[in-house]
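Engineer: Once you've had a glance at the structure underneath, I'll fire off some questions.
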């Protein structure tokens, strides 16, 4: 394994994040804080508890997951798209580095940035509401798995995109709506029976539910199913990336 090449790409991507600190870290934290103020204060004053959990605390896992999904996809998509845009991706393809090492470096950097952001938002949330993480190991596991999985997904989007506008289509029109409709701000048990069944087709439900279980020990779906769904999607993304480098789709053309 070419550790020097992996470290060089990883360090470059992390340096880019720190050069754009306001956009990469500060802006998402401020946006999430506004969610706490609006939803926690305005709605929380009328909806005091959900499943025995104060509403302000109940929405914390959903808000972290919302930021984690969108930032993972955006970071990884832009990270691989920019070399395509500038033409430097051909230097990567001709260098003595495998597709696995390229993916590991870009996805590793994107996931690291998302995990750091998630932990910062978690610390920020503790300033607004009392938090208790019942299963900290599983919380970190879901955090890492989700960040890696959606960074892989974002990597695919970055290769697929033919312009900067396409980089935002999937995060804005698919990932964010699915997160809002995935139980981030409510329990799906509050929905009518028909819509409860429909909601189960939303993959984000399993991510949010498993992550919330790690905090409070309560979930809308079985935690084992949540973990299996996350790992399954990660393997699917890895297979997609392998196929892309195998065929050269949207890379060599």
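The values are calculated or read from the model by the stated rules, or taken from the named source; none is laboratory data. It should be emphasised that the depicted structure is a prediction, and the values quoted were computed from it without experimental measurement. A quick note on method: Cβ atoms are made from the backbone with ideal geometry, for glycine too, and the neighbour counts reach across all protein chains shown.
Engineer: Hand me the list of helices (runs of 4 or more DSSP H) wholly inside the stretch 112-218 holding 1 or more residues that are over 26 Å from residue 57 (Cα atoms) and touching a residue at least 24 places away in the same chain (Cβ under 8 Å).
Structural biologist: Qualifying helices (runs of 4 or more DSSP H): 136-160, 164-170.
Engineer: Spot the failing condition for residue 216; the list is (1) crowded, with 17+ Cβ neighbours inside 10 Å; (2) under 30 Å from residue 98 (Cα atoms); (3) out of contact with any helix residue (DSSP H, G or I) (no Cβ under 7 Å at 6 or more places or on another chain), and only one is missed.
Structural biologist: Status for residue 216: all satisfied but (2).
Engineer: Continuing with the same structure: Could you please tell me which pairs satisfy a Cβ distance under 7 Å, a separation of 6+ or placement on different chains, a first residue in the stretch 13-29 that is under 17 Å from residue 83 (Cβ atoms), and a second residue that is assigned to a helix (DSSP H, G or I) and modelled with pLDDT under 85?
Structural biologist: Close Cβ pairs satisfying both conditions: 17/24.
Engineer: Continuing with the same structure: Among the numbered criteria (1) within 22 Å of residue 232 (Cα to Cα); (2) under 12 Å from the mean Cα position of the chain (by Cα), which one does residue 156 miss?
Structural biologist: (2)
Engineer: Name the one entry in 72, 24 that is in a helix (DSSP H, G or I), buried (at least 18 other Cβ atoms within 10 Å of the Cβ), at pLDDT below 90 and under 18 Å from the mean Cα position of the chain (by Cα).
Structural biologist: Working: 72 fails: at pLDDT below 90.
After ruling out the rest, the residue left standing is 24.
Engineer: Here's something else I'd like to know. Which of the residues that make up the stretch 45-68 are over 21 Å from the mean Cα position of the chain (by Cα) and outside any helix (DSSP H, G or I)? Talk me through it step by step, then tell me what you get.
Structural biologist: Within the stretch 45-68, the first condition is being over 21 Å from the mean Cα position of the chain (by Cα), and the residues that meet it are 45-56.
Answer for the stretch 45-68, where residues must be over 21 Å from the mean Cα position of the chain (by Cα) and outside any helix (DSSP H, G or I): 45, 46, 47, 48, 49, 50, 51, 52, 53, 54.
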